[in-house]
Each structure stands twice: as structure tokens, then as C-alpha cells.
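Pasting a structure here, questions to come.
Every read-out reported here was derived from the displayed coordinates using simple, explicitly stated rules and does not represent laboratory data. Given the structure is predicted, the values throughout are model-derived calculations rather than measurements. Because the Cβ atoms are built from the backbone with ideal geometry, glycine has one as well, and the counts that use them run over all protein chains shown.
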Amino acid sequence: MNNFRRLAAWLVLLVAATAMIAPSTVPAQESPARGKVEELIHTSGAEVGVAFQMLDGSQELFLNADQPFHAASTMKVPVMIELFAQVHDGKLSLADTLLIHNEFKSLADGSPYSLDVNDDSDAEVYKAIGSKWTLRDLCEAMITRSSNLATNLIIEKLGVDNVRARVQSLGADGMQVLRGVEDEKAFEKGMNNTTTARALVILLKAIAENRAGDPESCLQMREILERQTFNEAIPAGLPSGTVVAHKTGEITGAHHDAAIVYVPRPFVLVILVKGINDRDKSSAVMAEITRTVYSGSQQPAAAK
């Protein structure tokens, strides 16, 4: 089944890539879903950023796409990209191991701080403190279960400056990765990781189109994203069984989802939400926006 999904994903991307071999002089059409999405955002009462692009370049939608939001766990996407880049460059191997520990230095003043397992979406890595995990397993935990502890361990190994440089090299300047997660002193001083919806679209398109690394690395990153365990937002607005490679992010009052969607006409969609404290409600808003964008995306653009 895994080989079948790999083949299916490659075929979808091949169709999209074939359409992009010769640069098109025709600008992308705006999604016909714009009006309905604007209505959904207004009704929600939240601040919402939306960025949507078809992989064949035919259609797009940007609403508040350059507004900065707290990145929450979406910042783990560029961390993964940098990890695979360093592996490709021979600096690391995914089989390399790290000692699991729970003490890090605050960006604010260099003082030590620890993560609270009760504030983390994944408790498994904490159970391994004192032992070693491979970078491959830590990356899996960071993305699929959104482990904060795994994230900080990987960032400590990679160097946050390298992550930031990788983001800039891909043209996603709206993603600002300053530090690891749960650094309360830095948070109190406003030293936070931020992102825009447009920046996340740029990063995910780079992964989808094999520009975020070599083709095999990008394939492995897509497969990890497909194993995401939190599927109440964008996937919930798509037909059952749709393959979605995505990363969620959530802190108090903010809930995000950023996805590559493998439908007959594949696309990248990012939805950032601020101002809804009920997770079920924010998930429902994102699912409905997804449903609306999807329904307007699968009919080929009318010839002019």
C-alpha cells in the first residue's frame, strides 16, 4: 500500500510538473471561492490568513496572506527541510542518534529552561530521556505528533541560524524562526516564531515540486507529512480518502493547518486562524474554507 501511495503521489506530481515545463505567460486566475471564503472568515469573527495555489499554476487565492501570525508548530516544516538538507550535504545521517534531554537555553537571556510534558502534544519522547533516538525517529515525532521536545533537540543539533538561512534561500521570508518552542522568557519579551500564509505556501510548494531539496529527500518529507495524526482541519474538508501531506500548529487562541492536497488537480492550501479559543470551532472553520476552495478548484479554468 505504501508503494502504491508513492506511485500515486508521483503520478499526480508528474502531471503538475508536465504543465509547468514551459513557463506560462498566462497569470493564475483567482479562485472562484474568494467571495464565499471572505464570508466564512467574516462570520467566524477571527483573524484568518489564507494562501492557496494550484500546482499547475492555473488558480490561486490570497487573503491576508502577508499578515504575520504566531507560527506555533508550523515552524517545524522548515526545521524538517533543514534537517534533510544537512543529511543530503553529508553533514548528518538520519541514522545518527541524539541523547534525549530536557534542558535548553532561552533566547531571551541564555538561562536554562525545560519543557512541560503537559504542554506537549506528544509524551513519548519524554519517556526516553536519558536514552538515544535517531534523527529519523525524532523528525517523525516532530511532524506527525508535533513533539515539542523532539523539535528542540533537532534545532539544537541543526542550529537555528541554519534553519533561518534555509527559509530565506527558498524565498519564504514571511517565516521567521527565532528559537525552539516553550521558551517562556522569550515569549514574554515578544521574541516569537512567526509566519505568514504566503510563506508556508512557498515552503510546501518547494517540497511538492522537489525544490526544497533533492527529489528523494522531498519525497521522504512528503511521506512524513502524510502521516500527520491531527486531521480535524484541512483533511476534514476534503473527500474521504484524500491524501494530504500537512502540518498543523496550535497555541492558545491560534490554530493553523498547511497542506499539500493530492486530488486530481493538486494544490497547496494554508489556513492560519487567530482569535478562536475553541479548537473544534477553529477546526470547523478551516474545514469549511477547505471544502469551499476545493470545490472551486477541480474544474479546469475556462478558455478565454
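Take region 26-61 and flag every residue that is among the acidic types (D, E) and either under 21 Å from R279 (Cα atoms) or out of contact with any helix residue (DSSP H, G or I) (no Cβ under 7 Å at 6 or more places or on another chain) (or both).
Scanning region 26-61 gives E30, E38, E39, E47, E60.
Can you find, within region 167-186, the residue that is surrounded by the fewest Cβ atoms within 10 Å (Cβ to Cβ) among those that are closer than 12 Å to I81 by Cβ and among the small types (G, A, S)?
Here the residue is S169.
Still on this model: Taking region 187-205 on its own, how many of its residues are buried (at least 20 other Cβ atoms within 10 Å of the Cβ) and either aliphatic (A, V, I, L, M) or in contact with a Pro (Cβ under 9 Å, 6 or more places away or on another chain) (or both)?
9
Being more than 27 Å from Y294 (Cβ to Cβ), in a helix (DSSP H, G or I) and not β-branched (V, I, T): is that true of L92 here?
no
Cβ-Cβ distance below 7 Å, separation of 6 or more or different chains: which pairs start in region 135-147 with a residue that is closer than 17 Å to V244 by Cβ and end on one that is small (G, A, S) and outside any helix (DSSP H, G or I)?
So the pair list comes out as R145/S121; S146/S121.
Please specify each residue of region 275-294 satisfying the condition of being more than 17 Å from S240 (Cα to Cα) and in contact with a Ser or Thr (Cβ under 9 Å, 6 or more places away or on another chain).
Listed by number, the residues that qualify are G275, I276, N277, K281, S282, V285.
Conditions (1) at positive phi; (2) touching a helix residue (DSSP H, G or I) at 6+ places or on another chain (Cβ under 9 Å); (3) among the hydroxyl-bearing types (S, T, Y), marked per residue:
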| residue | (1), (2), (3) |
| --- | --- |
| E216 | no, yes, no |
| Q228 | no, yes, no |
| A236 | no, yes, no |
| G241 | yes, no, no |
| V263 | no, yes, no |
| P266 | no, yes, no |
| L269 | no, yes, no |
| Q298 | no, no, no |
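Another question, then. Looking only at region 42-59, how many residues end up being closer than 13 Å to V261 by Cα and among the polar types (S, T, N, Q)?
Adding up the residues that qualify gives 1.
Here is a further query. If you go through region 171-198 one residue at a time, how many are of a type outside the set (D, E) and farther than 20 Å from I271 by Cα?
Matching residues across region 171-198 total 10.
Give, as residue ranges, the helices (runs of 4 or more DSSP H) completely inside region 142-195 that count at least 2 residues that are within 15 Å of the chain's Cα centre (by Cα).
Filter on region 142-195 gives 148-158, 160-169.
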